[in-house]
Each structure stands twice: as C-alpha cells, then as structure tokens.
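First up is the structure itself, then whatever we jot down about it.
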Amino acid sequence: MYKKIKILIITHNFYPDLSPRSFRATELAKEFYRQGHEVTLMAPEKKGLESFLTEYPINFKSLGTLRWKIFNFKSFGILGRLYNKAVNRLLPLLFEYPNMEIFFKVRKALKKENDQYDLLISIAVPYPIHWGVASVWSKSHRKVAKVWVADCGDPYCLQENDTFRPPFYFRWIEKWFMRKATYITVPTLNSIKGYFPEFHSKIQIIPQGFKFEEVRKRPEIMDGIVRFGYGGGFIPGRRDPKEFIQFLVQLPVERRFEFHVYTHTPQYILPYIQNDPRILIHNPKDRLEFLYTISGFQFVVNFSNKGTVQTPSKLIDYGIINKPILNIETGNLDKEAVVEFLNGNYRKSLKVECLENYRIENVCRKFLSLADASK
C-alpha cells in the first residue's frame, strides 16, 4: 500500500477528447484521485471539462487556450490547395508547428509553479510537452517534483508509422530531454526499440490502463447479419483500409454483413466503398459508448501498425469486451481469414495476452513504484 502523495500530470489531450493519449491522462487522473492522492492536472483549456471536475474534483491548472494555427487557403483554388498540402506537411515536420506552442505554455506554467510534487508525469504526444518540462528541469529548479516520468505512447525520432521521420536536429532535442527525465515510460516491451539505446536503462514498461468495471456490454445481435466494427484513424500505406474494403465490396450481395467504421479520417475509406450499403461510416463515439455498441457485434477489426514498436491501444478495449479480433496487415491481406470470420470461424483471432496488466489499478501502482524507488 502506497502512502498518499502529490502528483502533477501535464498533458495536451484530456477529457472529453477521444484519443489514446487523452484516455491515458484521464484514466490516470481518475484512478490516482480514487486512491486518495492529491492530483493536479495541467492542460490547455477544455470545453466540457466541468462535468469531469464535478465527479473527480482534482486541481485543474489551465495552460490557457492554444492559438497557433496553420492557415487554410483552399479558397484560392489549385494554388491554395497545393499551399495547404505543403504547409500542413512541412511545418509540423520541420518545426513542430503548431505544437511548439505548448512547449512555451508548459515552460511558463512550471516557472510559476510553487508547489513541490512527489511525482510529475508528462504525457506525449505532442513531444513539446516533454521539452517544456526539460527546459525548467535543472538542479536549481528540480523542486517542482522529486521524480519526473516522461510517458511516451509512440516513439518520436525513430517512429515507424509516418511517411517521413523528423529531421536530424530533433534527435538532439529528444536526447536532451531524455537525459533529464528520471524515467521514460513506454506501453510495451517492443516499444523500447523506438528509442535511442543510451536511454534504455531509464525505460520502464507501463501499458495503457482502463477501469474494466466501467465497460458495459450488450447481448450479441443475432439476426442473420454478420456485424463487425472498427474505431480509430487510418494512415495511408501504414494503417491502410484500402485493400480490405476493396475485398469486402467485391463479395456477392447475397453475403449479408455490415462493417461499421467509427473514424475521424473517412477520406481514406470513402473512395473504395462504391456505394456499398454494407459499409457504414460513423463519427467517432465516446469510448464507453463505442465499446457498448460493438460488444453486440460478432467480431471487431484491428488495422495493425507497421513494424512492432507501436501497438494500438484499442486492442486492450477489444480484449475487455472479449470479442474475436480480425487483424488486418497493410499490403498482406489474409483473405482466407476474412472469409473465415464472416463464416463465424475465429481460429485466426488475434489474442490479447495478460489482460490484467491493463487494469488501471495495476497501471497506477507501477507509476507509484517509480516515485517510491527514487527516494
């Protein structure tokens, strides 16, 4: 049993945002509060946060409203669209714009911070969160916290799932902040390969965590239609739905199925649907609502990332609701497996091992052990 401590969580994404990093920060804040710790959260100003703070009255310190934006000039025709495409690719890649704004927000907030915390957890992405902490983390200013844990969901410089890796100069910045952090946390053993070898001794494995008891399930719908679903984004050439969708739409119309897709990137699926009514696209849902919905389906779909460094956190959710998982690898579609799943044969279902490791109670215990180990 750990004694009650003061914890500061710094994050860009938080409730009610729908993203793995938002779930990470939100679930940690909730469970630390439930365990009786004194929790402070630093994040940009959020609409809709009031209901959360009513139920979980943690100390919220606003980083203010983020104002840096990439201007859109699509109204200028072809040239405007070309400009938009270039700047939306190059500014984030070369300068981390507009995410660099949060570096200055975090730096300013921590310089004004008078409290001393037992544990500081900074959560990326975006990585300028960590850089902001590193900019004030020195021997003269280490009083902000006794222990700093830099939590990394996905790698930065050595990532595998973007078309381009960040330029060479970001390697200096990544190594700079990693030298200062007390610990670096990653979600899986394979994730370690996404970070520079000289910092592997600092890396601790702490997976994504959820409160299992919050998840409601409904009875499976048995009306002769095979229903399956996916929730999340797509990445062309990496986590790409094209091959899978093209295979589904060419199946005979007598094959009764519904593939429900909940995504904020429908542009990567719409061109291949061919008006097939069996492919249904929805806006993203609240996590618990989404899980309740798909728990009534026959199976769920996962689009795997390139390589082994990044593991989709939605696999944990799929494991919690105990549904067969059809895993789709970009460029290597197993058509036999797809047909088997449609026929109710799940022998090739992807397995989620050691599900108990993802209970938020166990995840928080691992973070607390880092604060305890550094005394």
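The values are calculated or read from the model by the stated rules, or taken from the named source; none is laboratory data. Just so we're clear, the structure is a prediction, and the values are computed from it rather than from any experiment. Here Cβ is always computed from backbone atoms with ideal geometry, including for glycine, and neighbour counts include all displayed protein chains.
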- Note on the structure: Checked pairs for segment 326-338, first in contact (Cβ under 8 Å) with a residue 40 or more places away in the chain, second small (Gly, Ala, Ser) and surrounded by fewer than 16 Cβ atoms within 10 Å (Cβ to Cβ), C-beta under 7 Å and 6 or more apart or across chains, list as 330/237
- Task: Name the one entry in 338, 261, 301 that is in contact with a His (Cβ under 9 Å, 6 or more places away or on another chain), among the aliphatic types (A, V, I, L, M), farther than 20 Å from residue 204 by Cα and outside any loop (DSSP other than H, G, I, E, B).
- Result: 261
- Message: Given the criterion touching a helix residue (DSSP H, G or I) at 6+ places or on another chain (Cβ under 7 Å), polar (S, T, N, Q) and under 20 Å from residue 327 (Cα atoms), identify the matching residue among 298, 246.
- Response: 246
- Report, ordered by the first and then the second residue, all pairs with beta carbons closer than 6 Å, sequence separation of six or more or different chains, a first member in segment 288-301 that is in contact (Cβ under 8 Å) with a residue 60 or more places away in the chain and assigned by TED's automatic domain parsing to the domain that holds residue 318, and a second member that is among the aliphatic types (A, V, I, L, M) and in a helix (DSSP H, G or I). 300/294
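What residue, among those in segment 322-354 that are aliphatic (A, V, I, L, M) and modelled with pLDDT of 95 or more, is surrounded by the fewest Cβ atoms within 10 Å (Cβ to Cβ)? Before you say what the answer is, go through the steps one by one.
The first filter runs over segment 322-354 and keeps only residues aliphatic (A, V, I, L, M), leaving 325-326, 328, 333, 337-339, 342, 350, 352.
Retained after the next criterion (residues that are modelled with pLDDT of 95 or more): 325-326, 337-339, 342.
Working: 325: 20, 326: 23, 337: 17, 338: 19, 339: 13, 342: 18.
Among them, the one singled out is 339.
For segment 170-189, does any single residue satisfy the condition of being surrounded by fewer than 13 Cβ atoms within 10 Å (Cβ to Cβ) and of a type in the set (Ser, Thr, Tyr)? Break it down stepwise before answering.
To start, the set of residues in segment 170-189 that are surrounded by fewer than 13 Cβ atoms within 10 Å (Cβ to Cβ) comprises 172, 179, 189.
Among the residues that remain, those that are also of a type in the set (Ser, Thr, Tyr) are: none.
No, there is no match, as no residue in segment 170-189 is surrounded by fewer than 13 Cβ atoms within 10 Å (Cβ to Cβ) and of a type in the set (Ser, Thr, Tyr).
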- Query: Out of the residues in segment 138-152 that are surrounded by 21 or more Cβ atoms within 10 Å (Cβ to Cβ) and within 20 Å of residue 199 (Cα to Cα), which is nearest to the chain's Cα centre (by Cα)?
  - Reply: 152
- Quick one: residue 97 ticks every box in (1) free of Cβ contacts under 8 Å to residues at least 24 places away in the same chain; (2) of a type outside the set (Gly, Ala, Ser); (3) surrounded by 14 or more Cβ atoms within 10 Å (Cβ to Cβ); (4) part of a loop (DSSP other than H, G, I, E, B) except a single one, so which number is it? (1)
- Message: Given the condition assigned by TED's automatic domain parsing to the domain that holds residue 147, among the small types (Gly, Ala, Ser), closer than 19 Å to residue 17 by Cβ and not in a strand (DSSP E or B), answer yes or no: does some residue in segment 74-93 qualify?
- Response: no
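If we keep just the residues of segment 190-204 that are assigned to a helix (DSSP H, G or I), among the polar types (S, T, N, Q) and touching a residue at least 24 places away in the same chain (Cβ under 8 Å), which is surrounded by the most Cβ atoms within 10 Å (Cβ to Cβ)? It would help to see each step written out before you state the result.
Applying the first criterion (assigned to a helix (DSSP H, G or I)) to segment 190-204 yields 190-194, 197-202.
Now restrict to residues that are among the polar types (S, T, N, Q): 190-191, 201.
Still in the running and touching a residue at least 24 places away in the same chain (Cβ under 8 Å): 190-191.
Values: 190: 14, 191: 21.
Applying the filter and picking the extreme gives 191.
Restricting to segment 341-375, name every residue that is part of a loop (DSSP other than H, G, I, E, B) and touching a helix residue (DSSP H, G or I) at 6+ places or on another chain (Cβ under 6 Å).
348, 352
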- Item | residue 296 on the phi > 0 side of the Ramachandran plot and surrounded by 14 or more Cβ atoms within 10 Å (Cβ to Cβ) | no
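Residue-by-condition table, conditions (1) of a type in the set (Lys, Arg); (2) modelled with pLDDT under 95; (3) crowded, with 16+ Cβ neighbours inside 10 Å:
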site	(1), (2), (3)
18	no, yes, yes
23	no, yes, yes
32	no, no, yes
40	no, no, yes
46	yes, yes, yes
52	no, yes, yes
55	no, yes, no
- Of everything in segment 1-16 that's of a type in the set (D, E, K, R) and either closer than 16 Å to residue 47 by Cα or outside any strand (DSSP E or B) (or both), which residue is modelled with the highest pLDDT? 4
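Look through segment 264-275, keep the residues that are part of a loop (DSSP other than H, G, I, E, B) and closer than 13 Å to residue 241 by Cβ, and return whichever of them is farthest from the chain's Cα centre (by Cα). Working first, answer last.
The initial filter retains those residues of segment 264-275 that are part of a loop (DSSP other than H, G, I, E, B), namely 264-265, 269, 273-275.
With the extra rule that they be closer than 13 Å to residue 241 by Cβ, the set shrinks to 265, 269, 273.
Details: 265: 15, 269: 21, 273: 27 Å.
Applying the filter and picking the extreme gives 273.
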